[in-house]
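The values are calculated or read from the model by the stated rules, or taken from the named source; none is laboratory data. Treat the numbers as computed from the prediction; the structure is a model and nothing was measured. Neighbour counts are summed over all protein chains in view; Cβ atoms, including those assigned to glycine, are modelled from backbone coordinates with ideal geometry.
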Amino acid sequence: MEFSPVLYIAIPLFAAFLIPLLGKVSKTLVKLTPGIVFLYLSYGSILLFPKAMEKPIVQVVAGFKPPFGISLYYGATAAFLITMVTIVGFVIWLYSYKFIIREPIEKYYMLFMMLITGSTGILLTGDMFNMFVFLEITSIAAYSLTAFLRDKDGAEAAFKYLLIGSFSSTFYLLSVMIIYSYTGTLNFADIAGKIDLIPPMAKGFVLVLVLVGMGIEAEMFPLNGWAPDAYSQAPSPVGAVFGGIVVKAGLYAMIRIVFLFFKTPEVMQFLIFMGILTLLIAEMAAMRQHQIKRMLAFSSIGQMGLVIIALGIGTMGSTSAALFQMFNHALIKSLLFFAAGYLVFHSGSKQIEDLEGLGYDKPVTSFFFAVGALAIIGLPPFSGFWSKLLILVSVAKAGDIAILLLILTGSVIEAIYYLRAVVKLYTRKEVPDNVRRTPISGLVAMGVLAAIILYVGLYPGVIEKWLAPAANNLLNAADYIKAGLF
Amino acid sequence: MDSSTWIKILGYIITPITAFVVGVTYGGIVRVITARVQNRFGPPITQNFWDIIKLYSKKTAVHHGLMQHWGPIFAITASVTSLFFIPVLKDSPLWLNNSFNGDIIFLLYMMVFGSLGMALGAGQTGNPNSAIGVARGLALMVGYEVPFVLALVAIMIQFKTTSIAELMAVQDGFSNWLIFQSPFAFIAAILAFLGMMHYAPFDVTFAPAEIASGPASEFGGKYLALMQTSGSIFTFAKLVLFTDIFLGGAGDLVTLIVKTFLLYMIPVLTGIVNPRYRTEQAITFFWKWPTVFGIIAILIVVL
Amino acid sequence: MEVSYDKESRKIVQAIERFARKHSLWVLAYGTGCGAIEVPPTMTSRYDAERFGIRGAATPRQADVLLITGYLSVKTLKRVIRTYEQMQDPKYVIGFGSCTINGGMYWDSYNTIKLLDMYIPVDVYINGCMPRPEAVISGFIELQKVIAEGKAEGARKYKENLDWYRANQQKIIHNWNMPDYNW
Amino acid sequence: MISVPVILSVMFLGGVLAWLANRFVPKGASWTAAIIAAFAGYLVFALPSCGGEYSLALGSITLVWKSTNYSALFAMLVAVLGFLGILYSMDFMAGKKNLGYYYMNFLFALGAMLGIVYSQDLVSLFFFWEVMTWSSFMLVIYSGEEKSHKAGIKYFAYSAIGAYLILSAIVILYAQSNSFLLSENIKMFSGMSLGTQIMVISFLALGFGVKSAMMPLHVWAPEAYKESPSGFTAVFSGALSKMGIFGLGLVIFKFAANTEIFGYVRETLAWLGGLTAMLATFYAVIQSDAKKLLAYSSIGQLGYIIVGLALGTPLGIMAALFLTIMHGAFKAMLFMTAGAVYMRTGTTSLNDVSGLITKMPLTFLTALFGIISVSGIPPLGGFISKWMLYQALLETNHYFLIIVIFIASTAAFLYLYRFIFSFFLGQKEKEVEHVKEVPWSMLVPMMFLTLFVLFAGLFPGVILDPIGKAMGYLGNFKASWEPQVVFSAWGEKINMQVIAGTIGTIFILGALFIGYKNKKATRVVSTKDIHTAGEIPTENENLTYAVNFNQPFERAIAPILKWSVDKLFNLLGENLESTFEYLRYVYTGNGQTYAMYVILMVVILILFSGSIFGIHL
């Protein structure tokens, strides 16, 4: 059977429905299912990835040809990001395998699969309304996962997320309505061709609504209030899911729409400006956090700011650098959340100060945390270095030294608070005997991530060669329209 | 070996002996002058010779370890080496020794060699007074080196040389002496010289009434004798250096002795009538007027 | 140095040494009793002891002459002994004033020593209570004479009869905690 | 075939190997590391000093390595000091925890340093620069104490600022030249606009200045040097900080040299270097911890080196590079000495230990040669570099700078004397009765370096040969020297043969005299037997004058010490952090606030969409 992009949505969705049923039979089956799904999806990625890099694969689902039918657009960007989602999803599953011990696990995996469905859907769809649907699927799964531990804090965080998230969906839906009312179509490619039909005023509204609506998902300042709570109160793998998958999908949606419909210098300027604000304020806030997962959350926001800056510059180089950074961030932040998850688990406290001495007690987990920290600061020989370098190069090429220096200011702050956390781990202190060990599946998950980070860091070419087509796909609206409408 | 080699070897022998004799005699004269100023009769001029011989003839010598043993050797090495690298008399192969192989900068560092060696020796004794004296002495040194180097730099950049022989060559004729050519440099240097000679008001290093003669407090017998020998030679060496640089050097011994003696009287007479500065007062003194004079000297050369 | 010369030259060397020693007497500035008040006038302008090569020395290592200026309490004796032992050979002791000879006006005091020679070897005594600077200077000249004759052998005597001196010292110094590294 | 990648992979794989060895074989890590370092050192020396170009394509970026005469000089320094440092660590670190970690990072740092000097493109330079930074950071925090962590964070923060400044300069260069190659950029640099030139030069100079602890960017150094294990501190101060010098050399002579602002650059750097030398020396004088004292001393010495480089005359560069080598040697010696004392007594505080000379005579000898060399007293190696530096200052008419340098150089005696006095001289207390001389593996590096500074003093020309070649790389600089004679531009010369001969002869004569005279009557007494006005010191009475040793001088320079960059930076840091603290309350944790932000955002965007997006609603 030929692998079709629709399977990226269908299989996780199917798995999501299957899992509760399997739960009646065997817990082990429940646990194994997502792994199988991800393996299968990766197999698909291997098949489709090279093809997509050459030419976008467009698939019609409901039988009508675009612009009327529902189309899936598996272009280079989508391929790149979906592959990333698959990898991250796989390690998250691996990590969750032993980490999520709290019943009902089938619920967790079901929601997880739903979330994957939604995210891949956002990345794949070529249809504006479908994007809304997938956004809702993702969001609902994410809200529930946030509150998965069913404690007070989790519920509060989930509620905040829900509150802000519903703004996001509403605004987005409004913008879809406006567009549909003027153009009569929902297909991205089609809308892009007919964008001039929309009067400027409505267009302005659409722009504001999309920027705010998707900005919420992409953690743009000041719309990211939900993030720190959600990240820190949800179980650790869910934090990785947010940082590695959900936010990336949201950002992709925003950028796709902006690049297709509104790619004017002013908008790009605005993106850069918001990116810088996001980056700096998040880094400053992260510096003063006392809880490790909140710190990671703010750092995540900061990284998204960096990506937004790079996307806002909008050159070929900067866009590919941004994609590279998204990839690296997804991996590194997952690694950090994984490590932090077990560190919190071992120390029994979320406070950074309480991590003292764990570096000697739990050397491997701490080591992975340190690797992640060094990588996300952008130190060689880890992958974070190259994406940061490429972003800076593209910024410098755009000729704005002030932005360059602001980004680097953010990086310095980032370096300081990450290292503070790391050295806290390695402060010599007698730790009460702790028989609990980090389970092997967690270590393997972290090991895999660390290995990829190191490998990409030593040989960035392996990712870099896919960046150009992916960036080209994202930037080049005309190609998208042509392919989308075939 | 040809005659020039013999002359050289003779020079190596005769120079330190002369320096010793002259230096010790100066010391005796200083004691007499001091006594006269204090309305006393004073010891005979040869008194310092008897003191040194007595110290050499002391039967026992107690030391606290290797460095105390070596300290005086360091001191004598520094003074004799410095002397060898200073042209004592103009154009006289007997008295030039090694002066073409080193220069003022070398001498500046060579002079410290002895102080540091002595300081090490004093440190080895474990006497707190010695350590205090050393700390004071080294601090004082930082003080007076500033105007001294300012003055030397003024002269060195004026004549574009760091060699003493060349500086002496510049000063042919009475009116060309550097004391007249660059008087401000001379003033700065001579004020620094006061500190260098450790006479009052800059005698805080040895201050017998305060810290029991400071670095020397545990030295007796041959160690003290060697120190005094080295001190005498060093005094002479410094005087010759100043004469060479500022007073046009000397062609014969009599001129040299007259010039050095006059020069020596400046710190001596200052010392007799002055009380003692505290260390930080001394340092701030050196960093005020002498430094200003030094800077003026440089500015005059530059402008 | 003395070892390698023959008799004649050793004599010459000895003569020079004695002459130098005689003319260079460094007095340790250490006042034990009321007599110390006479030392400053001796040294300063009026009497000017420096004429004879006499001058003060700051520490026992540098000094030749230990001047016991007057009465010596038992407490001070301990310090004097230590100071004396720290001086380097050849070294001389001048007993200054009557107190060092027979206790003087403290003859019946329970805590002063009566005869200095019992505890450290004295080369020259200066009589008087207290001796005037002229007397002090004449005492020094007497010491110079003794040195020139080669008879100032107090230090050697002390070394040879150390046990006797120690016994005497320990007899009256009850808290004897002199470190043994001195000898 | 020996090439740069081979050396680098030996170092980096060796690091991993050392880590593995520690897991399986007791003492495995140290031996592995020593062998690796020796082997890599051999490779560095065997590498042809010019050529051996090798490039490695990493995606769109190609890394190029090549050995030049300039890099060969620094590589040799790194290789030798690295090997000695590891040799020293073998016994110094014996019995400590996490040795695998220590040696791994040690070798990584060495490898990174070699990578820096061999880099021919800016990316690989920066790559290894950062690797060097974090591996040395790891060693600073090695002890795991709270203090070392503070020091480490401080070190890393400043390093990160420096590194990112370098990175900005690199990307600015790339934006103009479209190439990361060093040679390309140098070629095209003179054609760039003045603004770019100023920016690139100042960024690079500041970035490299951080590593070479140029004032006012030095504040990380004292703490970091103090906290790192002494075996590494020797390399840290001796070689790692020289990477900043390496970079400054490139900046001055490769980038700035072809621009109009060359003169200003040199003048600025020269004065910065001079002030660094002076102020650091003053700070060193008031330290009471040996390693901090040496750290400030290091900062000061690097100031001299910067001055020498910035003078830009052949003699100045020669002085700077010679001092680079010499400082590597003598500061390593002194740090090793401090480490040896630390190993035997458990402290580096100058107030706590004294009288070790009889217990650790060879260590004392090393320290003695070290301080003589640092202070620039003839006939050891330090003197020649000082002499050349003064001559260069005179010939370039830096009248006032020479005074600043001279004050620094003279004031150096104060702290150097304090260092050796407090540890080795003074009263021998009861506490040091049990102290023994350090084991041979620590003595060998110390004695080797001792002999080296002696050799450098006697035959400076031998060391000037590779330095001359390195100067050839930096530009067309000519200076003349003979094996034992160094010449200045004014035609002065300094003949080390005569100087050393005179000093040696007189010293030996003096020693013979004092040793022979009354030999039998000369006796050693304990340090308790001193003039104490007759008082008898008891066993426990502390007679050492060590606390506030340099107080007289401290009082004199009190007005200068009142102003401290350190305090300024701390204040700035605290204020920044409290600002951050306020800012973080943007995130109130209240869902309603967040919702309000969203609404506000929408309102603002809609209201001002005309000015923001150019779309008028």
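Overview of results
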{"quantity": "Any helices (runs of 4 or more DSSP H) falling wholly within the range B:212-303 and containing at least 2 residues that are farther than 21 Å from B:ILE76 by Cβ and within 17 Å of the chain's Cα centre (by Cα)", "calculated": "B:221-246, B:253-272"}
{"quantity": "Residue list for the range B:104-134, restricted to those being farther than 19 Å from D:PHE553 by Cα, assigned to a helix (DSSP H, G or I) and at the interface with another protein chain (Cβ under 7 Å from one of its Cβ atoms)", "calculated": "B:ILE105, B:PHE106, B:TYR109, B:MET110, B:PHE113, B:GLN124, B:THR125"}
{"quantity": "Residue satisfying condition, being under 29 Å from A:GLY442 (Cα atoms) and out of contact with any strand residue (DSSP E or B) (no Cβ under 6 Å at 6 or more places or on another chain), within set A:LEU331, A:LEU280", "calculated": "A:LEU331"}
{"quantity": "The range A:350-369, residues that are among the hydrophobic types (A, V, I, L, M, F, W, C), crowded, with 24+ Cβ neighbours inside 10 Å and under 23 Å from D:VAL131 (Cα atoms)", "calculated": "A:PHE368, A:PHE369"}
{"quantity": "Number of positions in the range D:395-404 that are within 7 Å of chain B (Cβ to nearest Cβ), part of a helix (DSSP H, G or I) and surrounded by fewer than 24 Cβ atoms within 10 Å (Cβ to Cβ)", "calculated": "2"}
{"quantity": "Subset of the range D:550-571 (residues that are under 16 Å from B:PHE286 (Cα atoms) and of a type outside the set (Val, Ile, Thr))", "calculated": "D:PRO552, D:PHE553, D:GLU554, D:ARG555, D:ALA556, D:ALA558, D:PRO559"}
{"quantity": "Strands (runs of 3 or more DSSP E) completely within the range C:37-151 that count 1 or more residues being touching a Lys or Arg at 6+ places or on another chain (Cβ under 8 Å) and either within 14 Å of another protein chain (Cβ to nearest Cβ) or farther than 30 Å from D:LYS520 by Cα (or both)", "calculated": "C:65-69"}
{"quantity": "Number of positions in the range D:530-558 that are touching a residue at least 12 places away in the same chain (Cβ under 8 Å), within 14 Å of chain C (Cβ to nearest Cβ) and in contact with a Ser or Thr (Cβ under 8 Å, 6 or more places away or on another chain)", "calculated": "2"}
{"quantity": "D:LEU350, sole failed condition from (1) touching a strand residue (DSSP E or B) at 6+ places or on another chain (Cβ under 8 Å); (2) among the hydrophobic types (A, V, I, L, M, F, W, C); (3) surrounded by fewer than 24 Cβ atoms within 10 Å (Cβ to Cβ)", "calculated": "(3)"}
{"quantity": "Condition check for B:ILE179: more than 9 Å from every other protein chain (Cβ to nearest Cβ), surrounded by 22 or more Cβ atoms within 10 Å (Cβ to Cβ) and of a type in the set (Val, Ile, Thr)", "calculated": "no"}
{"quantity": "Close pairs (6 angstrom Cβ cut-off, 6 or more residues apart or separate chains): aliphatic (A, V, I, L, M) in the range A:21-40, not in a helix (DSSP H, G or I) anywhere", "calculated": "none"}
{"quantity": "Qualifying residue in the range D:363-375 (condition: part of a loop (DSSP other than H, G, I, E, B) and in contact (Cβ under 8 Å) with a residue 40 or more places away in the chain)", "calculated": "no"}
{"quantity": "Residue tally, condition more than 8 Å from chain B (Cβ to nearest Cβ), surrounded by 14 or more Cβ atoms within 10 Å (Cβ to Cβ) and either of a type outside the set (Gly, Ala, Ser) or more than 21 Å from D:LEU389 (Cβ to Cβ) (or both), over the range D:498-512", "calculated": "4"}
{"quantity": "The listed residue being on the phi < 0 side of the Ramachandran plot and either surrounded by 18 or more Cβ atoms within 10 Å (Cβ to Cβ) or not aliphatic (A, V, I, L, M) (or both), out of A:VAL6, A:VAL25, A:VAL58", "calculated": "A:VAL58"}
{"quantity": "Residue in the range B:139-149 that is over 19 Å from D:ILE494 (Cβ atoms), more than 17 Å from the chain's Cα centre (by Cα) and more than 7 Å from every other protein chain (Cβ to nearest Cβ) present", "calculated": "no"}
{"quantity": "Test for D:SER298: is it buried (at least 24 other Cβ atoms within 10 Å of the Cβ) and among the small types (Gly, Ala, Ser)", "calculated": "yes"}
{"quantity": "So A:ASN224, is it more than 12 Å from every other protein chain (Cβ to nearest Cβ) and crowded, with 18+ Cβ neighbours inside 10 Å", "calculated": "no"}
{"quantity": "Per-region count, the range D:205-256, residues closer than 27 Å to D:GLY191 by Cα and among the β-branched types (Val, Ile, Thr)", "calculated": "3"}
{"quantity": "Only listed residue being more than 9 Å from every other protein chain (Cβ to nearest Cβ), modelled with pLDDT of 85 or more and not in a loop (DSSP other than H, G, I, E, B), chosen from A:VAL422, A:VAL444, A:VAL395, A:VAL412", "calculated": "A:VAL444"}
{"quantity": "Qualifying residue in the range D:48-68 (condition: part of a helix (DSSP H, G or I) and modelled with pLDDT under 85)", "calculated": "no"}
{"quantity": "Check on D:ILE407, facing chain B (nearest Cβ under 9 Å), in contact (Cβ under 8 Å) with a residue 60 or more places away in the chain and farther than 30 Å from B:ASN97 by Cβ", "calculated": "yes"}
{"quantity": "Count - residues of the range D:359-373 that are buried (at least 24 other Cβ atoms within 10 Å of the Cβ), over 17 Å from D:VAL432 (Cβ atoms), touching a Ser or Thr at 6+ places or on another chain (Cβ under 7 Å) and not polar (S, T, N, Q)", "calculated": "2"}
{"quantity": "Odd one out for B:VAL204, checked against (1) assigned to a helix (DSSP H, G or I); (2) crowded, with 22+ Cβ neighbours inside 10 Å", "calculated": "(1)"}
{"quantity": "Whichever residue in the range C:152-180 is crowded, with 19+ Cβ neighbours inside 10 Å and within 14 Å of chain D (Cβ to nearest Cβ) and, among such residues, is nearest to D:GLU541 (Cα to Cα)", "calculated": "C:GLN169"}
{"quantity": "Matching residues, the range D:111-120, being more than 17 Å from D:ALA79 (Cα to Cα) and either within 8 Å of chain A (Cβ to nearest Cβ) or buried (at least 24 other Cβ atoms within 10 Å of the Cβ) (or both)", "calculated": "none"}
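Every residue, every condition in (1) more than 11 Å from the chain's Cα centre (by Cα); (2) farther than 24 Å from C:TRP164 by Cα, yes or no:
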site: C:GLN86; (1), (2): yes, no
site: C:ASN111; (1), (2): yes, no
site: C:ASP117; (1), (2): no, no
site: C:TYR125; (1), (2): no, no
site: C:GLU142; (1), (2): yes, yes
